[in-house]
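The values are calculated or read from the model by the stated rules, or taken from the named source; none is laboratory data. Keep in mind it's a predicted model, so treat the numbers as computed, not measured. Because the Cβ atoms are built from the backbone with ideal geometry, glycine has one as well, and the counts that use them run over all protein chains shown.
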């Protein structure tokens, strides 16, 4: 069963977060129809990842075309799979005033659409492929595997540039060699359900 939270009551949100697979309360509805200029895969440190080490948390920024005429001033939409009732997670979909992460400690990888692509198309594909139903591994890790799976689905649907999964794998391996403390190997994998 798919639950989507739209209520603003904190108690209701907190209660539903444990069973919700998608949280889109912070998504501006107009952004779903906006075109994506590029997809920025970002890894950065967060409070939760720096407590138990220097691991990076991975998320996707859908950078929005600024030539769109819309009722939104958002610069990106973030797709972020986070553990909300560990190991169970929630896909957070959030409109953002920034084009990419403003974290001082981050790495980014750009992927370009193969054809005009909207935020709604990406969200619909992720839901169709079950990307919103994910459990992290026993260590609470697995965000990178979730990202890699999403890139694979986008590539398989011919929505992103040719070779993107291989280019991203090469990028990740280079980063893992430079900073193994931030990118543990072997790749930690969660489970789709």
Kindly provide the set of residues from the range 47-67 that are surrounded by fewer than 17 Cβ atoms within 10 Å (Cβ to Cβ) and either modelled with pLDDT of 95 or more or part of a loop (DSSP other than H, G, I, E, B) (or both), ordered by number. 52, 53, 54, 65, 66, 67
Number of positions in the range 102-156 that are at pLDDT below 95, surrounded by fewer than 17 Cβ atoms within 10 Å (Cβ to Cβ) and at positive phi: 0
Any idea which of (1) closer than 28 Å to residue 75 by Cα; (2) buried (at least 16 other Cβ atoms within 10 Å of the Cβ) is the one residue 97 doesn't satisfy? (2)
Residue 175 vs (1) in a helix (DSSP H, G or I); (2) touching a strand residue (DSSP E or B) at 6+ places or on another chain (Cβ under 7 Å); (3) buried (at least 19 other Cβ atoms within 10 Å of the Cβ): all pass except (3)
Test: residue 102 is assigned to a loop (DSSP other than H, G, I, E, B) and out of contact with any helix residue (DSSP H, G or I) (no Cβ under 9 Å at 6 or more places or on another chain): yes
So which residues in the range 157-172 are out of contact with any helix residue (DSSP H, G or I) (no Cβ under 6 Å at 6 or more places or on another chain), surrounded by fewer than 21 Cβ atoms within 10 Å (Cβ to Cβ) and part of a helix (DSSP H, G or I)? 166, 167, 169, 170, 171
Pairs under 6 Å by beta carbon, first residue in contact (Cβ under 8 Å) with a residue 12 or more places away in the chain and on the phi > 0 side of the Ramachandran plot in the range 168-181, partner outside any loop (DSSP other than H, G, I, E, B) and surrounded by 15 or more Cβ atoms within 10 Å (Cβ to Cβ), six or more apart or different chains? none
